[in-house]
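Written out below as structure tokens is the structure these notes cover.
Values quoted throughout were computed directly from the atomic coordinates according to the rules given, and no laboratory measurement underlies them. None of these values were measured; they are calculated from a predicted model. Don't worry about glycine lacking a Cβ; one is built from the backbone with ideal geometry, like all the others, and counts go over all protein chains shown.
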Ligand SMILES: Cc1ncc(COP(=O)(O)O)c(C=O)c1O
């Protein structure tokens, strides 16, 4: 809030003017880009801001689509949010062929054999999620990146759901593009894209003529929501402060962010272990995704299930009336709810844990769910 307020009080002007508030705004944007560069582990000019992940992905898909030829293939997955599906599927208009890697229904993980079998020299892009926003599965994105590159394809990773739960290192992953939305990691409602510099230069975004041709600015169509970009910087600093608290020896911001995620991953794992143990003890509950504690490295702390009684909406309403906030439905992971056969039946009930939740809250949720089932 303070960063957004400061923007309005001290720097409320468009970029690149020859006057004080405009120069301050330039500084704010540069500061936020540097912060996101530490967050992604890339260079600051490889960070693009946009309205949200969906809008960024449509824009990138349109730009990549300009270079596709009929018959070129794009490999997507059943596990993904629709924002990592529809923007690529829209390229069918340009003759692209969409292929879809399936899941293993038993644990809602990606079927890598199926994915490999659908990769070929015709594949130009693989678009995959880092973590599922419905079942919490963390995909082996490093391995998928290697497979995509070995086939000569680019890889686009949707890290929107993963970003609050684990550290991102685009350099180590060697991915071509990665997107996430600061509002999922305790910041404002915006989207951010990492793109390899040579690819941000190679693809041509649709843009107006007078705006900058330089990377990354050429990807940032129109006036940005500058006050919220200021807030993105503050969100990264918030995470870094958490990291410094858990590891005072963290020397720089990147190290502090990594420390924050080390603490977050360990803490969320204890809570999700408690939650899943409690959920799977509820008679008749259908749990989706990985429930074996030995495999919790492969999942984050987002869980989905259906109860023997009532619809997901009934349960979410019951919980909401008791001050417990859960979601019901498909959360736009439409391919997945269709694949699991629950789309026609109200989808699933989803509960999520982040670093500020407590064991007491997990227990309150479990007690309320048991009450709902007993009522
Ligand atoms: C996994 C995933 N991808 C993409 C999106 C869309 O992000 P945005 O709201 O920034 O467009 C969401 C939003 O919930 C999501 O969970």
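Between the helical axis of 312-321 and the longest alpha-carbon principal axis of the chain there is an angle of about 90 degrees.
Could you let me know the centre-to-centre spacing of the range 255-270 and the range 200-227, using Cα atoms, in angstrom? Between the Cα centres of the range 255-270 and the range 200-227 lies a distance of 34 Å.
Please compute the volume of the convex hull spanned by the alpha-carbon atoms of the range 201-336 and report it per residue in Å³.
Values: hull volume 30.1 nm³, N = 136.
In the range 201-336, the Cα convex hull volume per residue is 222 Å³.
Shown for the range 99-153 is the translational diffusion coefficient from the Stokes-Einstein equation, using the Kirkwood radius over Cα pairs, a temperature of 25 °C and a viscosity of 0.890 mPa s: 212 µm²/s. Angle of helix 53-65 to the longest C-alpha principal axis of the chain, folded into 0 to 90 degrees and rounded to 10: 60°. Between residue 270 and residue 213, full extension at 0.36 nm per residue minus the direct alpha carbon distance yields a gain of 15.7 nm. If you take the Cα centroid of the range 358-375 and the Cα centroid of the range 293-346, the two points sit 15 Å apart. One Cα centroid belongs to the range 8-67, the other to the range 122-172; the line between them spans 23 Å. When DSSP beta bridges are restricted to pairs lying wholly in the chain, around 55% turn out antiparallel.
In the range 159-268, if every C-alpha pair distance is counted and binned at 10 Å from zero, what percent goes to each bin? Whole-percent P(r) values from 0 Å outward: 14, 37, 34, 13, 3.
Helix 253-280 sits at what angle to the longest principal axis of the chain, using alpha carbons and giving 0 to 90 degrees rounded to 10? With rounding to tens, the tilt is 20 degrees.
Each 10 Å bin from zero holds the following percent of Cα-Cα pairs in the range 1-129: 11, 28, 26, 19, 13, 3, 0. When you count the other C-beta atoms within 10 angstrom of each residue and take the mean per peptide, 111-122, 151-162 line up highest first as 151-162, 111-122. The three principal axes of the Cα atoms in the range 1-67 give end-to-end lengths of 42, 24, 23 Å, sorted in falling order.
Full extension of the chain segment joining residue 246 with residue 325 gains 25.6 nm, where the gain is 0.36 nm per residue of separation less the Cα-Cα distance.
Once you keep just the Cα pairs under 8 angstrom separated by 6 or more residues, what percentage relative contact order results for the range 300-350? Walk me through the intermediate numbers first.
Details: 56 pairs, mean separation 23.4, N = 51.
Answer for the range 300-350 is 46 percent.
Based on the mean of other beta carbon atoms within 10 Å per residue, what is the order of 49-62, 279-292, most packed first? Don't jump to the answer; show the numbers that get you there.
Values: 49-62: 21.3, 279-292: 15.5.
Ranking the peptides 49-62, 279-292 by packing returns 49-62, 279-292.
Calculated on C-alpha atoms, the gyration radius of the range 304-375 divided by its Kirkwood radius gives an Rg/Rh of 0.98.
Report the rotationally averaged projected area of the chain based on its alpha-carbon convex hull, in square nanometres.
Details: hull surface 78.3 nm².
Seen from a random direction, the Cα hull of the chain projects 19.6 nm² on average.
For the chain, what does the relative contact order come out to in percent, with C-alpha contacts under 8 Å and a separation of six or more? It would help to have the intermediate numbers written out before the result.
Details: 708 pairs, mean separation 68.8, N = 375.
About 18 percent, as a whole number.
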